[in-house]
Amino acid sequence: MTLLLTPDLLDRVRERLANQAGEPDPAQLADAIRAEAGGVLADTDLLRALRTLQTEMTGAGILEPLLHDPNVADVLVTAPDSVWVDRGHGLERTDVEFADEAAVRRLAQRLALAAGRRLDDAQPWVDGKLTGTEAALGASFGVRLHAVLAPVAHDGTCLSLRVLRPATQGLDALTAVGSLTPSARRLLADIVRARLAFLVVGGTGTGKTTLLSALLAAVDPAERIVCVEDAAELAPVHPHVVRLVARPANVEGVGEVTVRDLVRQSLRMRPDRIVVGEVRGAEVVDLLTALNTGHDGGAGTVHANSPQEVPARLEALAALGGMDRAALHSQLAAAVQVVLHVHRRADGSRGLCEIGVLQRSETGIQIVAAWRADGEVAPAAMELARVLRNRSG
């Protein structure tokens, strides 16, 4: 008499395999199935169980094909039957479905373990990164993992995966796809050539890193660029780039290397340009300090919905590093000359919509438009032209 393949049998196999380190190979899976079935499982059921568990317990499970899609930037799971992707045109619902809530939870916990993080009822959320074979995605890029378990996530385990493909497109490529107009492309090239320090601002998924990488590729090949990032995304096509990547603490709570630590280290590495992939904490203090000590042409990205919001956003971040508002505005005025605003258009495409310059006012620093994609009058256009002439001369 043969034993039928049942959900209870699969759960026992999963529990057995959960005690093993690393991802199980096919032989280990087959041995575990036979052991739990007592050696009396039919061949067809054995093969079916093997295929089911291989899909579930290796890589990102049933989400793996979505992560391999070259157009996918985000994979979001909000329920077992609600899996969404972003291919650059807004969120789209897929036909991928998990068996149940427990399957989503198992995947989230397995991925968290692969990232060296803890995810359980005592620590119901996790933020980590999967690289190389941990995500079965190859060494060229990784995946940023965020997960929240129920009941904190009210409707069930919520899993968010951001694909970190290296941003390697140049200004010409961005112009060809409509992200930049020809006039903006020429203006950006002048900004890089004049070694103006700039910030790329915009919301999540608007193409900040893509534009920053393209601008760095236009830097003189004789210059040395030191990039500091929380997750390795910048990959400019440039012959002399040094990439420093932050590291979270391990499960024992030690070994953390922060972006702020790395910005300070970059000052000792003879940089021509210092770049922070994403300014989102106290490192803004060190970046502005660096840009005010002879390191022209530095850059970074900042989350902000408009250029006008940038000073307030930087004030909040600088407060984390002990810098007050007055000091922040003074440092900002001396360190940064240009703000580049990217956004997602109504059709889902992304592009540069405004270039602004920093000007002092009675209330502090404000960002004034020097170029607009919609063709409207840009009051600071002459000011940007003057700065470019002075720096180029």
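Side notes on the structure shown:
- Taken residue by residue, segment 283-303 has at least one member that is surrounded by fewer than 18 Cβ atoms within 10 Å (Cβ to Cβ), at pLDDT 90 or above, within 25 Å of LEU187 (Cα to Cα) and in contact with a strand residue (DSSP E or B) (Cβ under 9 Å, 6 or more places away or on another chain).
- Positions within segment 232-261 being part of a loop (DSSP other than H, G, I, E, B), under 19 Å from GLY116 (Cβ atoms) and free of Cβ contacts under 8 Å to residues at least 40 places away in the same chain, in sequence order: ALA246, ALA249, GLU252, GLY253, VAL254, GLY255, GLU256, THR258
- Residue pairs meeting the criteria (Cβ under 8 Å; at least 6 apart or on separate chains; first of a type in the set (S, T, N, Q), in segment 178-199; second assigned to a helix (DSSP H, G or I) and at pLDDT below 95): SER179/THR210; SER179/LEU211; THR181/THR175
- The residue that is farthest from LEU287 (Cα to Cα), counting only those in segment 252-268 that are loosely packed, with under 12 Cβ neighbours inside 10 Å and more than 22 Å from the chain's Cα centre (by Cα), is GLU252.
- Selection from segment 147-180 of residues that are among the hydroxyl-bearing types (Ser, Thr, Tyr) and over 18 Å from the mean Cα position of the chain (by Cα): THR157, THR175, SER179
- GLY202, sole failed condition from (1) free of Cβ contacts under 8 Å to residues at least 60 places away in the same chain; (2) surrounded by 14 or more Cβ atoms within 10 Å (Cβ to Cβ): (1)
- Selection from segment 108-130 of residues that are out of contact with any strand residue (DSSP E or B) (no Cβ under 7 Å at 6 or more places or on another chain), of a type in the set (A, V, I, L, M, F, W, C) and not in a loop (DSSP other than H, G, I, E, B): LEU113
- Filtered residues of segment 210-231 (kept if within 17 Å of GLY281 (Cα to Cα) and either aliphatic (A, V, I, L, M) or outside any loop (DSSP other than H, G, I, E, B) (or both)): CYS227, VAL228, GLU229, ALA231
- From the options PRO311, PRO271, residue that is part of a loop (DSSP other than H, G, I, E, B) and surrounded by 16 or more Cβ atoms within 10 Å (Cβ to Cβ): PRO271
- Test for VAL226: is it buried (at least 23 other Cβ atoms within 10 Å of the Cβ), in contact with a Pro (Cβ under 9 Å, 6 or more places away or on another chain) and under 20 Å from ALA381 (Cβ atoms): no
- Where VAL368 falls short, out of the listed (1) in a helix (DSSP H, G or I); (2) more than 30 Å from ASP261 (Cα to Cα); (3) without any contact (Cβ under 8 Å) to a residue 40 or more places away in the chain: (1)
The values are calculated or read from the model by the stated rules, or taken from the named source; none is laboratory data. Keep in mind the model is a prediction, meaning the values are calculated, not measured. Don't worry about glycine lacking a Cβ; one is built from the backbone with ideal geometry, like all the others, and counts go over all protein chains shown.
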